[in-house]
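Comments concern the structure below.
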Amino acid sequence: MARLKFLIFWALALVASASMASAAIVEHTFHVQNLTVNRLCHRQVITAVNGSLPGPAIHVQEGDTLVVHVFNKSPYNLTIHWHGVFQLLSGWADGPEYITQCPIPPGNSYTYKFTITGQEGTLWWHAHVQWIRATVHGALIIRPRSGHKYPFPKPHREVPIILGEWWNANVVDVENQALAIGAAPNNSDAYTINGRPGDLYNCSQNPKFTYTYKVEQGKTYLLRIINAALNNRLFFKVAGHKMTVVAVDASYTKPYLTNVVLVAPGRTTDVLLTFNKAPGAYYMAASPCADAPNVSFDNTTTRGIFIYQNTPSHAVIAPKMPTLPAFNDTPTAHKFNSNPTALVGGPHYVPVPRSIDHHMLVTVAPALAPCGKPGNNSRGGPSGRGLSASMNNASFRFPTKPSIPQAHFFNVRGIYTTDFPNKPPVAFDYTNQNNSLNQALIFAPKKTSIKKVKYNATIEMILQDTSFLAVENHPMHLHGFNFHVLARGFGNFNPKTDRKKFNLMNPQIRNTIGVPVGGWAAIRFQANNPGAWIFHCHLDVHLPLGLATVFVVENGPTPSSTLPPPPIDLPKC
């Protein structure tokens with residue numbers, strides 16, 4: 001028996017040693033500063049990382065520790081968010097301003113350090129202060145650790161496809177102008193693929209403005225599609241080819257065959273694409289999905305080109321173009337959002353938690369601010385009011401000092417309240433258009449209201465769209481966790497009938513959920529990560545208006561479930 005215990009001990013030690021040996025420290029340096037670029041007949045100064053748009057792609061393996069030195073040489077305050085990374089016991093590195101840290105001032109620097117645990121797939125990083133994430137962003141690609149494989153055939157190549165938005169203006173000025181007058185911001189002037197608008201826009205016929213990638217006939221490629229746009233969902237297609245979805249938001253899915261992909265802001269989708277057509281040039285294209293009524297948007301199309309090797313020159317000159325869905329094709333959008341399912345038993349798969357500690361019904365809505373005088377057009381929103389946004393009639397106000405986890409950790413009072421409600425203060429017919437501009441419902445008080453929960457508590461949220469101004473889609477992003485998407489539907493959530501639709505066997509696992517236009521989405525997650533985690537709309541038109549709250553997860557009973565003190569060099573307010 002003693003010999004058996006000895007052998008077991010050494011076997012476990014060898015396994016642990018092999019696991020540690022497969023992990024590495026991956027180090028990057030980000031120089032964030034002004035960059036002048038030419039787009040759409042304009043010379044525009046943007047904020048960029050290391051002189052490129054998009055910024056540098058980060059490649060790591062699961063288990064690696066990532067160290068990123070950020071030097072802020074821009075004229076703006078800055079933080080970097082590692083979108084979708086769990087930040088297990090490293091919540092101080094999550095990045096959102098005044099939530100987990102104060103911004104890095106111009107002329108200063110800060111080093112982010114965290115270990116990527118229990119995740120594989122495509123995530124991304126972006127600025128989390130004002131609108132500068134429009135140009136400060138890049139891919140974060142997590143491959144399986146050494147000795148582990150993808151749960152699908154190894155692709156010939158992997159290709160990041162980052163979809164973005166472009167303004168012929170300083171994006172910070174665009175945002176500030178909208179906030180100053182209380183109106184919706186100006187629409188973007190173009191969409192981009194890997195920073196390039198494509199040849200459908202003015203002054204963009206030069207090949208340098210169109211993203212092009214050469215492929216080998218018969219080979220399968222993994223496209224890592226990221227929507228880095230600020231305010232628009234995008235349909236994506238490749239002419240003449242179908243794609244197989246194998247992951248969403250860095251969570252593996254059962255292979256799902258489709259000819260179109262829909263990605264909301266903040267979301268990622270991994271697809272396998274086999275180039276099995278005749279040699280030629282084929283456009284990849286992205287156009288908006290904008291099915292909210294009476295809401296203006298950038299109704300243009302960006303495109304790049306896949307070119308088969310050995311393609312005749314005449315075929316390169318005239319690539320084939322895909323037929324994209326109409327901008328208001330809600331059925332296609334809903335089908336794509338609903339059909340993929342989790343890869344049960346795949347790497348890092350987590351089953352749906354069955355016991356629930358907190359039931360929440362949360363309305364998400366653009367709204368009006370109680371400022372200005374009705375009817376005198378003193379502000380830029382409807383009825384002369386300024387635009388606002390809210391969750392359960394609470395419009396989130398960001399603190400200024402200290403950050404929320406610092407206030408929680410050091411028991412600083414007066415920074416936030418813990419009264420974020422589990423349901424709306426008033427029940428009403430949420431999606432009834434007759435409630436648009438209902439003066440009894442549309443004004444939400446500004447407050448820093450959060451939800452505090454115990455470690456390991458399970459939260460179920462029904463996210464309900466409303467018609468305060470107009471029904472619309474809301475891509476809601478939860479920091480620090482993935483969640484199970486149990487169901488989605490249209491109209492008001494009906495607990496008696498809609499709970500029967502819940503998928504508790506193999507639902508998608510995501511970090512960003514699109515709440516349907518005039519509909520609802522049900523999600524569930526276990527709060528097993530201590531810290532302060534913002535939950536917000538990933539439309540940048542809505543976040544500064546208050547469509548957010550924060551979950552503060554208390555420490556657990558052991559050191560492995562306890563958030564350590566903040567780093568001594570964390571930026572101060």
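Looking only at the stretch 22-63, count how many residues are of a type in the set (D, E) and either buried (at least 20 other Cβ atoms within 10 Å of the Cβ) or under 18 Å from A228 (Cα atoms) (or both).
Qualifying residue count, the stretch 22-63: 1.
Given the conditions (1) within 21 Å of I513 (Cβ to Cβ); (2) open to solvent by less than 40 Å² (accessible area, probe 1.4 Å), which single one is not true for P402?
(1)
Residues in the stretch 341-354: is at least one closer than 25 Å to N187 by Cα, touching a residue at least 24 places away in the same chain (Cβ under 8 Å) and either of a type in the set (K, R) or surrounded by fewer than 19 Cβ atoms within 10 Å (Cβ to Cβ) (or both)?
Among the residues of the stretch 341-354, not one is closer than 25 Å to N187 by Cα, touching a residue at least 24 places away in the same chain (Cβ under 8 Å) and either of a type in the set (K, R) or surrounded by fewer than 19 Cβ atoms within 10 Å (Cβ to Cβ) (or both), which makes the answer no.
Might you let me know whether the stretch 119-138 holds any residue that is part of a strand (DSSP E or B) and among the β-branched types (V, I, T)?
yes
Can you tell me which residues in the stretch 113-141 are open to solvent by less than 10 Å² (accessible area, probe 1.4 Å) and small (G, A, S)?
Answer for the stretch 113-141, where residues must be open to solvent by less than 10 Å² (accessible area, probe 1.4 Å) and small (G, A, S): G121, A127, A134, G138, A139.
Please list, ordered by first then second residue, the pairs with beta carbon atoms under 9 Å, 6 or more apart or interchain, first in the stretch 45-64 and at positive phi, second at pLDDT below 95 and not in a loop (DSSP other than H, G, I, E, B).
From the stretch 45-64, the pairs are G63/S19; G63/M20; G63/S22.
Kindly list the number of the only condition in (1) part of a strand (DSSP E or B); (2) free of Cβ contacts under 8 Å to residues at least 60 places away in the same chain that fails for K500.
(1)
Could you give every pair whose Cβ atoms fall below 8 Å, whose first residue belongs to the stretch 260-272 and is in contact (Cβ under 8 Å) with a residue 60 or more places away in the chain and at positive phi, and whose second residue is assigned to a loop (DSSP other than H, G, I, E, B) and not polar (S, T, N, Q), counting only separations of at least 6 or pairs across chains?
Note: pairs meeting the criteria are G266/H538.
Could you tell me whether I459 is surrounded by fewer than 22 Cβ atoms within 10 Å (Cβ to Cβ), among the β-branched types (V, I, T) and outside any helix (DSSP H, G or I)?
Judged against the criteria, I459 is not a match.
If I filter the stretch 70-77 for residues that are among the β-branched types (V, I, T), open to solvent by 40 Å² or more (accessible area, probe 1.4 Å) and at pLDDT 95 or above, do I get at least one hit?
No - not one qualifying residue is present in the stretch 70-77.
Quick one: count up the residues across the stretch 251-264 that are open to solvent by less than 10 Å² (accessible area, probe 1.4 Å) and in contact with a Gly (Cβ under 9 Å, 6 or more places away or on another chain).
Qualifying residue count for the region: 3.
Is there a residue being under 20 Å from the mean Cα position of the chain (by Cα), assigned to a strand (DSSP E or B) and not charged (D, E, K, R) anywhere in the stretch 85-97?
Among the residues of the stretch 85-97, not one is under 20 Å from the mean Cα position of the chain (by Cα), assigned to a strand (DSSP E or B) and not charged (D, E, K, R), which makes the answer no.
Tell me the residue from N492, N473 that is open to solvent by 10 Å² or more (accessible area, probe 1.4 Å), polar (S, T, N, Q) and modelled with pLDDT under 95, please.
After applying the criteria, what remains is N473.
Would you list the strands (runs of 3 or more DSSP E) that sit entirely within the stretch 268-369 and hold 2 or more residues that are within 30 Å of Q526 (Cα to Cα) and either of a type in the set (D, E, K, R) or touching a helix residue (DSSP H, G or I) at 6+ places or on another chain (Cβ under 7 Å) (or both)?
Correct list: empty, since no element meets the threshold.
Only one residue in P144, P197, P185, P160 is open to solvent by 10 Å² or more (accessible area, probe 1.4 Å) and either in contact with a Ser or Thr (Cβ under 8 Å, 6 or more places away or on another chain) or under 22 Å from F30 (Cα atoms) (or both). Which one?
P160
Of the residues A178, A281, A190, which is under 27 Å from T512 (Cβ atoms) and at pLDDT 95 or above?
A190
Over 23 Å from the mean Cα position of the chain (by Cα), open to solvent by 70 Å² or more (accessible area, probe 1.4 Å) and free of Cβ contacts under 8 Å to residues at least 24 places away in the same chain, is that true of S313?
So S313 passes the test.
Could you count how many residues in the stretch 545-569 are in contact (Cβ under 8 Å) with a residue 24 or more places away in the chain and surrounded by fewer than 19 Cβ atoms within 10 Å (Cβ to Cβ)?
Residues flagged as in contact (Cβ under 8 Å) with a residue 24 or more places away in the chain and surrounded by fewer than 19 Cβ atoms within 10 Å (Cβ to Cβ) within the stretch 545-569 amount to 12.
Among the residues of the stretch 200-221 satisfying the criterion of being in contact with a Leu (Cβ under 6 Å, 6 or more places away or on another chain) and not in a loop (DSSP other than H, G, I, E, B), which is surrounded by the most Cβ atoms within 10 Å (Cβ to Cβ)?
Y221
The values are calculated or read from the model by the stated rules, or taken from the named source; none is laboratory data. It should be emphasised that the depicted structure is a prediction, and the values quoted were computed from it without experimental measurement. Every residue, glycine among them, receives a Cβ derived from its backbone with ideal geometry; neighbour counts consider all protein chains shown. The area values use the complete protein model at the heavy-atom level, side chains included, leaving out ligands, DNA and RNA. Shrake-Rupley method; radii C 1.70, N 1.55, O 1.52, S 1.80 Å.
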